[in-house]
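Computed from the coordinates by the stated procedures, all read-outs in this text should not be read as laboratory data. Owing to the predicted nature of the structure, the values given are computational and were not obtained by experimental measurement. All Cβ positions, glycine included, derive from the backbone under ideal geometry; neighbour counts span all protein chains shown.
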Amino acid sequence: MPPGRSGKGMLALGRLKRGQMNKTEQLYAAELQRLQHAGNVQWFRFEGIKLRLADNTFYTADFAVLAADGVLEMHEVKGFWMDDARAKIKIAADQYPLRFVAVRAKPKKDGGGWAVEEF
């Protein structure tokens, strides 16, 4: 770190305003649209559902997804995990009768697509 820099605010660098998708989320939205056209997804919405975990503590999934089988899923798109994100998704999965999924873009050299982790 350069001299005189405290490191404060470094985590916020590059973050977008609420309601704006980053590039990975845009790619995943395109994947969800493809799945919707194929009949595997009925509906999806970016940051569409906010779940209360505790007083003043909430979890908002990147995408709320209604699968073809009628199950409501919360999809989290990650390049890497920061802060308390992994803890929040685990807590939400324990509290709500929904399917919680994290997806990560796989490198093209590894065949591309999405790596999926269920909670």
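Lysine pairs, Cα distance under 23 Å, 8 or more residues apart or cross-chain: how many in region 21-118?
Taking the Cα cut-off of 23 Å, the pair count is 15.
Please report the relative contact order for the chain, taking Cα pairs under 8 Å with a sequence separation of at least 6, and give it as a percent rounded to a whole number.
The value is 16 percent.
Report the antiparallel proportion of the DSSP beta bridges in region 7-111 as a percent, rounded to a multiple of 5.
70
Using each residue's phi in region 54-67, evaluate 6.51 cos²θ - 1.76 cosθ + 1.60 at θ = phi - 60° and report the 3J(HN,Hα) Karplus result to the nearest Hz, with x for Gly and Pro.
Values, residue by residue: 6, 4, 6, 10, 10, 10, 10, 5, 4, 9, 8, 10, 9, 6 Hz.
State the percent of C-alpha pairs, over all pairs in the chain, separated by a distance greater than 19 angstrom.
52
Assuming R0 = 35 Å, what is the FRET efficiency of LEU53 and ASP110, from their Cβ-Cβ distance, to the nearest 0.05?
Approximately 0.55, to the nearest 0.05.
Quick query: amide H of GLN42 versus all other amide H atoms, modeled in the peptide plane; which residues come in under 5 Å with a sequence gap of 5 or more or a different chain?
So GLN42 has HN proximity to LEU66, ALA67, ALA68.
Taking θ as phi - 60°, what are the ³J(HN,Hα) couplings along region 96-101 by the Karplus curve (6.51, -1.76, 1.60), each to the nearest whole Hz, with x for Gly and Pro?
Result, ordered by residue: 10, x, 10, 8, 10, 9 Hz.
What is the helix-to-structure angle for 23-37, meaning the angle in degrees between its Cα long axis and the longest Cα principal axis of the chain, kept from 0 to 90 and rounded to the nearest 10?
Tilt relative to the chain: about 0 degrees.
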